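Read through the structure below, which is laid out as structure tokens, and then see the notes.
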Amino acid sequence: MPDFIVTPWEVSGEVDYDLLIQEFGIEAIDEKLLFNLKEITKEIHPYLRRKIFFAHRDFKWILQEYKKGNPFYLYTGRGPSGNIHLGHLLPWIFTKWIQEKFNVDLWFQLTDDEKFLFNQSITLEETHNFGYDNALDVIALGFNPKKTYIFSDIDLGNTFYRNALKIAKKITYSTIKATFGLDNSANIGQIFYTSIQTVPAILKSLIEEKNVPCLIPHAVDQDPHFRLSRDVLPKLGYYKPASIQCVFLPSLQESGKMSASVENTAIFTKDEPDVVKRKVNNAFTGGQANAKLQRELGGNPSVCSVYKYHFMLFTLDDNEIKKIQSKCIGGELLCGECKKDLIQKINKFLSEHQKQREKAKDVLEDYLLKEKVDLKSLINEKKRKWNY
Ligand code: TYM
């Protein structure tokens, strides 16, 4: 049995991604696929070169269809139960790159319903509001406003309920238990929920009244949902959604992913410079016990969370990262210096992100989709009409 867990609701232990490829039945992204992609995009994002985006389902098919003149749209999302941390940004930064390179729509789902059902301590009102707050981080990354639709599940309740019903009817309780490990103590909303996360994979097909390919970028924890989507949607006459999947930005401590529930091991987009400094200075590194030993023996970047932050987000230049790696191994670079460099880079990024986040407040409504189904005004309209 592997000593790690990856589900949409829990990621723990040291994840073995090669094993996960086998277990989940996803495909590794290989050189041939990158070659095909580069024919269209002209360059390859560092996340692909560095195998941060490492696996996919049907991405080859997405490219083939695109070349034939049948473009796809992007779908990704967020479960709004708190503030956004740097790990969440990883799939979104890549999604933005795909949007730019292919000039396609992005449909962004805020699953307030999911967080309400799975998190005992949050009210529906709270998660709904977190959704709007989290949307500011998405907008701050610079998604094309003309091609980006952000929506909360409860704001699109009509469309979601209609379509989730059709999907739910094709999924049995035993499939849900086997896929998500839910047991008899699960509430019945949790059992139903995955049908909601499938709906955005057909939204553009519904609107255009023809099948439109859908590509879902996400970290590998969300794959179980889309495995089910791929089983069900062809039964309803739709394409299987394709996906492209990334590894987790690790926690600043020794193991596990960056998680909002462990405050001090995650860097949030709202963190102030001194908070970032404290968190990085307390991070787990691959360094030796003291500077003398570090100079003699060198450090170990492969287990170092500081190195991983450079590698996955803040030092995307290949020559620069090679230098950090070799100087660390050779004992030339001490952890203090390497942390200082990372702190500067994170704070530079966050200062710009926080500015953009503020500006996003003025344009939030331009991105949001809402169905205005308000029962009270429907009743009032009827009353007016009949004059009672
Ligand atoms: P959520 O809010 O847990 O996470 C949002 C996105 O961030 C990814 N992610 C991470 N990526 C890298 N490193 C990490 N440490 C890390 N932690 C989280 C998640 O995989 C996700 O892509 N149910 C979903 C919301 C959702 C969704 C979707 C996500 C609805 N539809 C379609 C992706 C695609 C959720 O709760 O995500």
### Task
Nearest 5 is fine: what % of DSSP beta bridges in the chain come out antiparallel, could you say?
40 percent
### Query
Where does each of 375-387, 351-363, 140-152 land if you order them by average Cβ count within 10 Å, highest first?
140-152, 351-363, 375-387
### Task
Could you give me the percent of Cα pairs per 10 Å distance bin for the chain, shortest bin first, beginning at zero and ending with the bin that holds the maximum distance?
5, 21, 31, 26, 12, 4, 1, 0, 0
### Task
Please report, to two decimal places, log10 I(q)/I(0) for the stretch 1-146 at q = 0.08, 0.22 Å⁻¹ as given by the Debye formula with identical point scatterers on the Cα atoms and no solvent.
-0.28, -1.41
### Task
Quantify, in whole percent, the carbon and sulfur part of the accessible surface of the stretch 14-246 (1.4 Å probe; protein heavy atoms only).
51 percent
### Task
With the full set of protein chains in place, find how many percent of the accessible area of the stretch 263-360 is carbon and sulfur; take the probe as 1.4 Å.
52 percent
### Query
Each label point is 7 Å from the Cα along the Cα-to-Cβ direction; what then is the distance between the points at Thr175 and Glu14, in nm?
3.7 nm
#### Entry: Ordering of 284-290, 112-118, 22-28 by burial proxy (mean other Cβ atoms within 10 Å per residue, highest first)
112-118, 284-290, 22-28
### Task
Determine the calculated [θ] at 222 nm for the chain from helices alone, applying -39500 (n - 2.57) to every DSSP H run no shorter than 4 residues and normalising by the residue count; nearest 500 deg cm²/dmol.
-15500 deg cm²/dmol
### Message
At 1.4 Å probe radius, can you tell me the per residue accessible area of the chain in Å²?
### Response
49 Å²
### Task
At 0.36 nm per residue, minus the direct Cα-Cα distance, what do Thr7 and Asn129 gain on full extension? Give it in nm, one decimal, please.
41.4 nm
### Query
How much length, in nm to one decimal, is gained on full extension between Lys348 and Leu236, taken as 0.36 nm per residue of separation minus their Cα-Cα distance?
35.5 nm
### Query
For Lys359 and Asn300 in one chain, what is 0.36 nm times their gap in residues minus the Cα-Cα distance, to one decimal in nm?
17.2 nm
### Message
Considering just Cα atoms, how many Å³ per residue does the convex hull of the stretch 231-380 enclose?
### Response
207 Å³
#### Entry: Mean Cβ count within 10 Å, highest first, over the residues of peptides 171-180, 237-246, 199-208
237-246, 199-208, 171-180
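The values are calculated or read from the model by the stated rules, or taken from the named source; none is laboratory data. All figures in this text were calculated on a predicted structure; none of them were measured in a lab. Please note: Cβ atoms are built from the backbone with ideal geometry, for glycine as well, and neighbour counts cover all protein chains shown. In case anyone asks, the SASA skips ligands and DNA or RNA and just uses the protein heavy atoms, side chains included. Shrake-Rupley method; radii C 1.70, N 1.55, O 1.52, S 1.80 Å.
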